[in-house]
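Read through the structure below, which is laid out as structure tokens, and then see the notes.
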Amino acid sequence: MYAHGVQRPVVDGTARVGSVPFRNPVLLASGIWGESGRSMAEAYRAGAGGVVTKSIGLSPREGYPNPTVESLGEWGMLNAMGLPNPGIDRYPEEIAQARSSGAPLVGSIFGKDAEEFSRLARAMERTGVVALELNLSCPHAQGYGSELGQDPEEVRAVVRATKSAVSLPVWAKITPNTHDPAGLAEAAEEAGADAITAINTVRALAIDPTLRRPILAHATGGLSGPAILPVGLACVWSIYERVRIPIVGVGGIGSARDAFQYILAGASAVQVGTAVSTHGISVLGRIAAGLEEEIERGGLASVSEACGMAHPR
């Protein structure tokens with residue numbers, strides 16, 4: 001692979017999203033394995049570079065009735081959980097347990113308006129998380145997520161209010177369920193966001209032909225897993241062309257090769273979600289190790305050097 005006498009590059013396996021360092025660029029995505037402090041700590045011990053909490057709101061929320069999840073085989077998974085969570089007053093004890101493992105935590109929050117986001121941000125900052133991720137992209141929770149996050153003006157308002165409320169880095173998680181995800185990322189950047197997370201699940205539906213009705217109780221849900229990998233890559237690609245802040249790529253990653261595609265498209269780090277459900281928590285460490293090998297095989301020294309290399313120079 002290397003000519004005689006040519007030194008192989010020494011790969012720096014760490015990653016940074018703006019000012020936030022991680023031991024590797026593979027993070028646990030929000031909504032998977034993040035219900036408890038114990039499970040988040042386990043994700044870190046399994047090899048994740050960091051952990052994003054489940055999305056937390058101001059008050060406890062039960063979510064939708066079952067069925068809420070449907071496996072679509074090799075395509076991935078369809079879910080409409082309805083953002084169940086214990087509320088911000090009860091969740092700090094879970095964060096404390098996760099932090100005791102040494103894991104850097106990114107706190108995911110959701111709200112119905114800018115004022116609610118700012119209140120949640122202040123409460124989440126006190127827990128010791130290293131950054132905040134604003135859930136502006138859940139496709140199935142009425143009054144939250146993408147219903148708010150499809151409007152660039154709402155994105156600006158939420159990001160601006162959050163940045164005014166806290167000193168932590170703020171990541172805006174962008175929906176793919178719109179005609180211009182990159183435009184939403186631009187709005188977030190203009191309002192002061194420190195990074196963009198792209199994407200959340202894709203709005204989708206499954207129908208039981210025998211019962212002649214939708215499989216999920218909520219009818220529509222969010223599609224995740226291998227089927228949305230090209231969608232996520234396209235969003236990261238277009239966002240990279242139009243913003244200067246870092247991008248965290250998420251959607252359909254099940255292997256190091258998938259993760260490397262996101263890095264080449266412009267991501268500084270990636271998040272893995274559905275693959276944890278299908279392949280087990282150890283997949284995080286395998287992807288991290290494999291990504292380092294992909295970078296070395298490419299003759300590169302780091303994730304930062306590989307970031308965006310697929311774009312025309």
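Which numbered condition in (1) modelled with pLDDT under 95; (2) over 30 Å from GLU294 (Cα atoms) is the only one that GLU116 fails? Unmet condition: (1).
Within the stretch 93-102, identify whether any single residue is under 25 Å from VAL276 (Cα atoms), surrounded by fewer than 24 Cβ atoms within 10 Å (Cβ to Cβ), of a type in the set (A, V, I, L, M) and modelled with pLDDT of 95 or more, and answer yes or no.
Pass one, the stretch 93-102, residues under 25 Å from VAL276 (Cα atoms): 93-102.
From what is left, the residues that are surrounded by fewer than 24 Cβ atoms within 10 Å (Cβ to Cβ) are 93-97, 99-102.
Now restrict to residues that are of a type in the set (A, V, I, L, M): 95-96.
Subsequent filtering for residues that are modelled with pLDDT of 95 or more retains 95-96.
For the stretch 93-102, residues under 25 Å from VAL276 (Cα atoms), surrounded by fewer than 24 Cβ atoms within 10 Å (Cβ to Cβ), of a type in the set (A, V, I, L, M) and modelled with pLDDT of 95 or more: present.
Being of a type outside the set (Asp, Glu) and more than 23 Å from SER224 (Cα to Cα) holds for only one residue in PRO104, PRO84, and it is PRO104. Of the helices (runs of 4 or more DSSP H) that lie entirely inside the stretch 268-313, those containing 1 or more residues that are basic (Lys, Arg) and either buried (at least 17 other Cβ atoms within 10 Å of the Cβ) or without any contact (Cβ under 8 Å) to a residue 40 or more places away in the chain (or both) span 283-297.
Within the stretch 50-69, the set of residues being outside any strand (DSSP E or B) and either touching a Pro at 6+ places or on another chain (Cβ under 9 Å) or surrounded by fewer than 19 Cβ atoms within 10 Å (Cβ to Cβ) (or both) comprises LYS54, LEU58, SER59, PRO60, GLU62, GLY63, TYR64, PRO65, ASN66, PRO67, THR68. The residues in the stretch 276-293 that are at pLDDT below 95 and either under 16 Å from TYR262 (Cβ atoms) or under 16 Å from the mean Cα position of the chain (by Cα) (or both) can be counted, and the count is 1.
Limited to the stretch 124-145, what total is found for residues that are surrounded by fewer than 20 Cβ atoms within 10 Å (Cβ to Cβ) and within 17 Å of SER167 (Cα to Cα)?
Going through the stretch 124-145 one residue at a time, the tally reaches 5.
Scanning the stretch 177-187 turns up at least one residue that is under 13 Å from VAL231 (Cβ atoms) and in contact with a strand residue (DSSP E or B) (Cβ under 7 Å, 6 or more places away or on another chain).
Screening the stretch 187-244 for strands (runs of 3 or more DSSP E) wholly inside it with 3 or more residues that are buried (at least 24 other Cβ atoms within 10 Å of the Cβ) returns the ranges 195-198, 221-224. Taking the listed residues GLY47, GLY87, the one that is touching a helix residue (DSSP H, G or I) at 6+ places or on another chain (Cβ under 6 Å) and either crowded, with 22+ Cβ neighbours inside 10 Å or not hydroxyl-bearing (Ser, Thr, Tyr) (or both) is GLY47, with no other qualifying.
Residues in the stretch 246-267 that are in a loop (DSSP other than H, G, I, E, B) and either surrounded by fewer than 21 Cβ atoms within 10 Å (Cβ to Cβ) or in contact with a Ser or Thr (Cβ under 8 Å, 6 or more places away or on another chain) (or both): PRO246, GLY251, GLY252, GLY254, SER255.
The values are calculated or read from the model by the stated rules, or taken from the named source; none is laboratory data. Just so it is clear, the model here is predicted, and its values are computed rather than measured. In this analysis, Cβ positions are derived from the backbone assuming ideal geometry, glycine residues included, and neighbour counts consider all displayed protein chains.
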